[in-house]
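First the structure, in the form of structure tokens, and then the observations on it.
The values are calculated or read from the model by the stated rules, or taken from the named source; none is laboratory data. Bear in mind that the values here come from a model prediction, so they are computed numbers and not experimental data. Here the Cβ positions follow ideal geometry from the backbone for every residue, glycine too, while neighbour counts run over all protein chains shown.
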Amino acid sequence: MPNTFSISGLANVLYIDLSNETSKVVERQDLHDKYLGGTGVATMLMNEGSKEGTDALDPVSPVVLSIGPLSGIFPCCTKVVSVFRSPLTGEFGESHAGGRLAMAMRFAGYSSIVITGRAKRPVYISIHNNDIAFKDASSIWGLSSTTDIGKILRNVEPNIGKRSIIRIGTAGENGVRYASVNVDTYRHFGRLGLGAVFGAKNLKAIVVSGDGEIEIPDKSTYSNTYKKIFSNIVETDLMDKYHDLGTTENILPLNELNGLPTRNLQQTSFEYAETISGENFADNYLVRKISCAHCPIGCIHIAMLKTLFAPLHEYEVKHISYDYELVYALGTNLGILTPESVLELIDRCEQYGVDIISMGGVLAWATEMSMHKRFTTGETMNVSLKWGDVTNYLRAIDLIIESPNEFYSALAKGVVFASRKYGGDDFALHAGGLEIPGYHTGVGNLVGLTVGVRHSHVDNGGYSIDQKAFKNNLSDKEIVDLLIFEDDIRGVLNSLTICLFARGIYTYDTIIEALAAIGIERSEEELIELGRDIFMKKYELKRKFGFDLDDVRFPSRFFETASTNGMIDEARVQNVLSMYKDRRWSTGKT
Ligand code: SF4
């Protein structure tokens, strides 16, 4: 018989201790009543579990995975929030992934999973309903491909169609500070190095599945609300962009607007943008579009890469997911000229399980350094990086993952670490220690990345505020207001683990209706306050981990290359940052 969960019973936290291979379930209604789920609950669980004087890769540092009350119940509530201490920045780490994991956790009966300790041998955790097993992963530790690891686990684990398989590659095993966790092949906990935290715990993979059912208190209200949200997604054009070309639709407009970082932000438009545009990928390489479980949008674009591996027309065909950030990071930012080369680079990173935006940032910085002859051939092991040189980029990726010497080991720690060691910090492009995403749009983007809790473009969408500023000439005060509004509403969306692509569907009114349909009453004021409270709680954690907004310094390259809104004036950025701090913390002190 499947387990049946009442809505009020969706607050179970599964605590796993890898050191002793033990687990227990505790109902944390207290946290869920206050923070709903997702990012809010995960932040509080992290706060409870993190200990003073430990670092990101210390076995006691927890990894928290959380879903929200709408997961598995309404469409597009598909994300799982992971919270951890980032081995890349040393401070608050948070990354979100779709795929099937949220569904699997919901129907296994867990709103959060908290993992601490370090296993004595490589293990993977198998979670099927109430059965938690710690299984030997020695035979898959060291395998060179995350795709193959997925195939092997699919063969030995039950519950086809209901399970989610998340795993690390050799990047995570080797402690590359920006290693990712692969989720169901085409999704990832990409940013800030969760893969290295898994590796430090000797944790190769987690398999989750469940057969539970959820008892909805008022089926008629639920059904009507569901239909309304669903038809808004599929019968309007609100989500067309994501299904049609996907986020690569942004390549040509951002190129046109001088917002597309190119060759380590030496330029903001790329002369071969047409060749690697979303349009060209769709017309000539796209073979299918897929969705996270319980999402009708289907934004995940899969391209086919066909390569000759032997005479007599022997081909290998690979299916590789692509999106805007990947095409920027391993395309324009490295001066790569063809979609085949971009796909080849994406695939190499995917197989190792490494964050592609960070890898692109590291390679772009290293290319500039290399072209200025700032490294010796002994250090680089004769790999001479040049814009567009895909062969040497592939070799450099291999060496960064293997880290055979001090030089590649430094590159495996990110641009901040590498530039402190070798120089070139003026063009080591990061915000808060995290390599930058694919936007150079103006003040909103730079301040948004700096103040965002994850230093990610999705924290507050500063790049999109700049695009509004480009059209409507926003004042600095209006930019600050919009950043704060977005920080806070995204805190709410992320507590409900709603995919941010569906933020146009889930307005405050819709969120209130969806929560009410399952018996959770919240007003708009309460939700706004919740978003603000979560932001503040994250900043408390950031400070505990050593982050101080007053210490931020910007690489000068940001102010030397034209953006969508023209040249960016550093004094203006500092002024907007100061206005933001005053608005958030009335004393201006973070
Ligand atoms: S829009 Fe894309 S990323 Fe978001 S839930 Fe749907 S398929 Fe997943």
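Return the residues of the range 79-112 that are within 17 Å of the chain's Cα centre (by Cα), assigned to a loop (DSSP other than H, G, I, E, B) and within 17 Å of V41 (Cβ to Cβ); say none if nothing qualifies.
So the first thing to find is which residues in the range 79-112 are within 17 Å of the chain's Cα centre (by Cα), and the list is 79-102.
In the following step, the residues that additionally are assigned to a loop (DSSP other than H, G, I, E, B) were identified as 79, 86-91, 98-100.
Of everything in the range 79-112, just one residue is within 17 Å of the chain's Cα centre (by Cα), assigned to a loop (DSSP other than H, G, I, E, B) and within 17 Å of V41 (Cβ to Cβ), namely K79.
In the set D550, D533, which member is in contact with a Lys or Arg (Cβ under 9 Å, 6 or more places away or on another chain), part of a helix (DSSP H, G or I) and at pLDDT below 95? Before you say what the answer is, go through the steps one by one.
Working: D533 fails: at pLDDT below 95.
On inspection, the qualifying residue turns out to be D550.
Counting only helices (runs of 4 or more DSSP H) that sit completely within the range 158-252, those holding 3 or more residues that are within 18 Å of the chain's Cα centre (by Cα) and farther than 30 Å from N284 by Cα correspond to 194-200. In the range 136-144, the condition of being crowded, with 18+ Cβ neighbours inside 10 Å, free of Cβ contacts under 8 Å to residues at least 40 places away in the same chain and either in contact with a strand residue (DSSP E or B) (Cβ under 6 Å, 6 or more places away or on another chain) or not basic (K, R) (or both) is met by at least one residue. Among the residues of the range 76-90, the ones that are crowded, with 24+ Cβ neighbours inside 10 Å and away from the ligand (no atom under 16 Å from the Cβ) come to 7 in all. Among the residues here, G423 qualifies as of a type outside the set (V, I, T) and not assigned by TED's automatic domain parsing to the domain that holds A571. Taken over the range 486-505, the criterion of being within 16 Å of the ligand (Cβ to nearest atom), part of a helix (DSSP H, G or I) and aliphatic (A, V, I, L, M) is satisfied by L493, L500, A502.
One line per residue, one yes/no per condition, for (1) assigned to a strand (DSSP E or B); (2) in contact (Cβ under 8 Å) with a residue 12 or more places away in the chain:
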site: H32; (1), (2): no, yes
site: V41; (1), (2): no, yes
site: L45; (1), (2): no, yes
site: K51; (1), (2): no, no
site: L57; (1), (2): no, yes
site: V60; (1), (2): no, yes
site: V64; (1), (2): yes, yes
site: P69; (1), (2): no, yes
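One residue alone among I73, I127 is of a type in the set (V, I, T), surrounded by fewer than 24 Cβ atoms within 10 Å (Cβ to Cβ) and assigned by TED's automatic domain parsing to the domain that holds V207, and that residue is I73. The set of residues in the range 408-442 being touching a Pro at 6+ places or on another chain (Cβ under 6 Å) and among the charged types (D, E, K, R) consists of D426 alone. Only one entry of L429, L449 meets the criterion of being without any contact (Cβ under 8 Å) to a residue 40 or more places away in the chain and surrounded by 21 or more Cβ atoms within 10 Å (Cβ to Cβ), and that entry is L449.
So which helices (runs of 4 or more DSSP H) stay within the range 317-371 end to end and still have 3 or more residues that are at pLDDT 95 or above and surrounded by fewer than 24 Cβ atoms within 10 Å (Cβ to Cβ)?
Values: elements: 324-329, 339-352, 356-371.
Hits in the range 317-371: 339-352, 356-371.
Whenever a residue of the range 235-262 is in contact (Cβ under 8 Å) with a residue 60 or more places away in the chain, its partners that are within 12 Å of the ligand (Cβ to nearest atom) and part of a helix (DSSP H, G or I), lying with C-beta atoms within less than 6 angstrom and at least six residues away or across chains, give the pairs M239/I233; Y242/F501; E249/K241. Condition first: in a loop (DSSP other than H, G, I, E, B) and within 16 Å of the ligand (Cβ to nearest atom). Now tell me which residues in the range 265-309 satisfy that. Residues satisfying the conditions are S291, C292, A293, H294, C295, P296, I297, G298, C299.
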